[in-house]
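The values are calculated or read from the model by the stated rules, or taken from the named source; none is laboratory data. If you're wondering where the values come from, they're calculated on a predicted model, not measured in any experiment. When we count neighbours, we look across all protein chains shown, and the Cβ atoms used for this are built from the backbone with ideal geometry, even at glycine. What goes into the accessible areas is simple: the full protein's heavy atoms, side chains included, and nothing from ligands, DNA or RNA. Shrake-Rupley method; radii C 1.70, N 1.55, O 1.52, S 1.80 Å.
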Amino acid sequence: MTKRILLASLYHETHTFVDEITGLADFDINRGDAILARRGDGSTIDGFLEVAEREGWEVVPVSDYSALPSGTADQAVFEKFWNELDAGLRAALADGGLDGVWLGLHGAMVTTGSVDPEGELLRRIRAVPGAESLPIYGVFDLHATFTPLMAEHATGLVGYRENPHTDARESAVRSADLLARTLREGVIPRMHVRNAALIWPPTGTGTADSPMRDLEALARQIEAEHSDIWAVNIIAGYSFSDVPFAGVAFSLITAGSEDEATAALTDLEQLATSLRELGLPEEWDLDAALADAKGKPGPVVIVEPADNIGGGAPGDCTSVLRGFLRHGVTNAAVAIADAESVRALDDARPGDIVRLSIGGKGSRLDPGPVELDVTFISRSDGEFTLEDRNSHLAAMQGVHISMGPSAVVEAQGIKILLNSRKTPPFDLGQFRSQGIIPEDLSLIGVKAAVAHRRAYDKIARASYTVTTPGPCTSALKTLPYRRLRQPVFPVS
Ligand SMILES: [Zn+2]
């Protein structure tokens with residue numbers, strides 16, 4: 001008998017400390033066969049579809065909603081997604097039945113109506129008649145908020161193990177393999193979660209370094225030593241989320257005893273607590289970093305976590321550009337999301353000097369737009385293909401990326417790439433496709449925390465992570481948390 005699996009995906013990392021509401025228009029949406037057409041695009045859905053093909057499953061594709069990290073999502077988006085999923089689920093159960101559900105999730109979504117939409121989604125699926133005991137598997141991001149409600153209703157959610165997230169698709173494959181195991185062996189495991197009393201900023205969650213490196217190693221050891229435990233997830237958490245279960249967590253999928261699970265989760269929690277201070281790496285003062293970098297062989301990368309686009313920041317903060325101008329650096333480049341400035345260049349010809357008001361519009365924390373005379377160099381539609389198919393951008397958006405209408409301008413030896421859509425700096429094709437060769441630059445401003453490393457570490461001769469004002473600051477104690485459960489200790 002051919003197994004039938006329902007497929008849906010809901011992907012948003014929600015920054016609750018920025019003012020914007022993320023609405024339906026901000027989401028890329030695929031339905032039905034358009035989801036099956038994602039086969040081959042490098043995404044998590046592609047990973048699931050690979051296993052489905054191999055296992056000979058009939059896939060029932062319903063809805064696939066994803067948006068870049070940004071402000072609180074409108075509850076109406078969640079309800080629309082749920083209505084589609086609910087209808088698809090009921091129709092499939094009534095007509096031929098289902099053997100399982102597979103979900104692509106981020107796991108750190110927050111809506112105007114819910115602090116735990118993924119938990120609520122799983123609860124609602126379980127409440128549909130006929131779905132009470134269906135295997136529900138799926139994949140989620142290492143920066144998720146993993147809640148008790150998720151553990152209660154999911155059969156097996158598998159998290160990414162790498163940050164930068166080079167293994168998103170591979171993690172989807174791993175989760176679908178576990179679904180295949182359930183169908184083959186007839187064993188339905190369950191999940192357990194432990195929420196640690198810790199929150200780390202994104203800069204502290206790279207898996208090449210402690211504490212994440214040690215925690216991942218312990219997770220692999222637990223998996224190796226306990227055959228009943230199918231997978232252990234180290235969840236770094238998402239610090240820019242003011243919800244009760246924000247922060248570091250551990251979850252596992254097990255067919256074994258609760259005591260065994262509890263002991264494993266306790267070991268992980270104790271290790272995390274003992275390493276807690278390592279979750280906050282030191283940052284440079286911007287001026288000190290630029291003074292130190294001066295004269296060093298390039299490219300030198302100036303990393304600005306406070307405007308971390310992959311973490312939900314607007315990508316238009318101006319502190320690093322101001323620093324470049326203040327220090328008189330040349331042969332430098334920075335990308336700034338600013339649709340207004342791109343439009344202001346509509347009539348410009350190469351070589352024209354234009355007065356622009358650049359960036360500084362997306363966050364109250366930024367000093368504001370930089371007024372600058374720039375030389376117009378080029379414009380484009382902003383489309384490019386990833387140079388690195390394992391870039392985390394592929395997991396989200398596939399390998400074809402749109403930055404929206406874009407322009408390159410130059411001021412005082414600094415090239416500024418203006419994008420209409422903010423674009424996380426996870427791939428060198430972003431600059432190269434616009435005629436800026438990253439390897440030839442002396443200084444590059446990068447709006448990220450950790451995820452840029454996959455692209456930039458291989459060309460950087462030096463790298464400075466700097467403190468600037470912005471919504472993704474590493475100084476968590478400056479953020480107005482109100483909803484955290486107690487006790488939770490933001491490390492900063
Ligand atoms: Zn992430």
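For this structure, a couple of remarks:
- Taken as a whole, the condition of being in the same structural domain as GLY100 (by TED's automatic domain parsing), within 16 Å of the ligand (Cβ to nearest atom) and surrounded by fewer than 19 Cβ atoms within 10 Å (Cβ to Cβ) does not apply to ASP259.
- For first residues located in the stretch 154-168 and within 15 Å of GLY310 (Cα to Cα) and β-branched (Val, Ile, Thr), partners that are away from the ligand (no atom under 14 Å from the Cβ) and part of a loop (DSSP other than H, G, I, E, B) and lie 6+ apart or on another chain with Cβ distances below 6 Å form the pairs THR166/ASN390.
- Enumeration of residues in the stretch 69-127 that are of a type in the set (D, E, K, R), more than 16 Å from the ligand (Cβ to nearest atom) and under 23 Å from the mean Cα position of the chain (by Cα): ASP74, GLU79, LYS80, ASP116, GLU120
- Some residue of the stretch 225-242 being in the same structural domain as SER171 (by TED's automatic domain parsing) and on the phi > 0 side of the Ramachandran plot: yes
- Failed criterion for THR266 (all others in (1) surrounded by fewer than 21 Cβ atoms within 10 Å (Cβ to Cβ); (2) touching a residue at least 40 places away in the same chain (Cβ under 8 Å); (3) within 22 Å of PRO201 (Cα to Cα) hold): (3)
- Of everything in the stretch 135-146 that is in contact (Cβ under 8 Å) with a residue 40 or more places away in the chain, more than 10 Å from the ligand (Cβ to nearest atom) and crowded, with 24+ Cβ neighbours inside 10 Å, the residue that is nearest to SER239 (Cα to Cα) is THR145.
- Scanning the stretch 1-36 for residues that are within 16 Å of the ligand (Cβ to nearest atom) and among the acidic types (Asp, Glu) yields a single hit, GLU13.
- Strands (runs of 3 or more DSSP E) (entirely within the stretch 387-489) containing at least 3 residues that are surrounded by 18 or more Cβ atoms within 10 Å (Cβ to Cβ): 406-411, 414-419, 443-446, 462-467
- Complete set of residues in the stretch 346-368 that are farther than 17 Å from ALA306 by Cβ and either within 26 Å of the chain's Cα centre (by Cα) or surrounded by 11 or more Cβ atoms within 10 Å (Cβ to Cβ) (or both): ALA348, ASP352, ILE353, VAL354, LEU356, SER357, ILE358
- In the condition set (1) touching a Cys at 6+ places or on another chain (Cβ under 6 Å); (2) under 18 Å from ALA288 (Cα atoms); (3) of a type outside the set (Asp, Glu), LEU443 is compliant with all but (1).
- For the stretch 272-347, the helices (runs of 4 or more DSSP H) that sit wholly inside it and include 1 or more residues that are aliphatic (A, V, I, L, M), free of Cβ contacts under 8 Å to residues at least 12 places away in the same chain and not assigned by TED's automatic domain parsing to the domain that holds GLU216 are 286-293.
- Candidate set: the stretch 154-186, residues that are open to solvent by 30 Å² or more (accessible area, probe 1.4 Å) and under 17 Å from TRP102 (Cβ atoms); chosen: the one farthest from the ligand (Cβ to nearest atom): ARG184
- Criterion: touching a helix residue (DSSP H, G or I) at 6+ places or on another chain (Cβ under 8 Å), closer than 14 Å to LYS447 by Cα, open to solvent by less than 60 Å² (accessible area, probe 1.4 Å) and within 16 Å of the ligand (Cβ to nearest atom) - qualifying residue of GLY279, GLY311: GLY311
- When ALA197, ALA208 are checked against the criterion of being aliphatic (A, V, I, L, M), under 19 Å from LEU476 (Cα atoms), open to solvent by 10 Å² or more (accessible area, probe 1.4 Å) and in contact (Cβ under 8 Å) with a residue 40 or more places away in the chain, a single residue qualifies: ALA197.
- Of the residues GLY107, GLY113, the single one that is part of a loop (DSSP other than H, G, I, E, B) and open to solvent by less than 20 Å² (accessible area, probe 1.4 Å) is GLY107.
- Within the stretch 236-252, the set of residues being in contact with a helix residue (DSSP H, G or I) (Cβ under 7 Å, 6 or more places away or on another chain) and closer than 20 Å to GLY138 by Cα comprises ALA236, VAL248, PHE250, SER251, LEU252.
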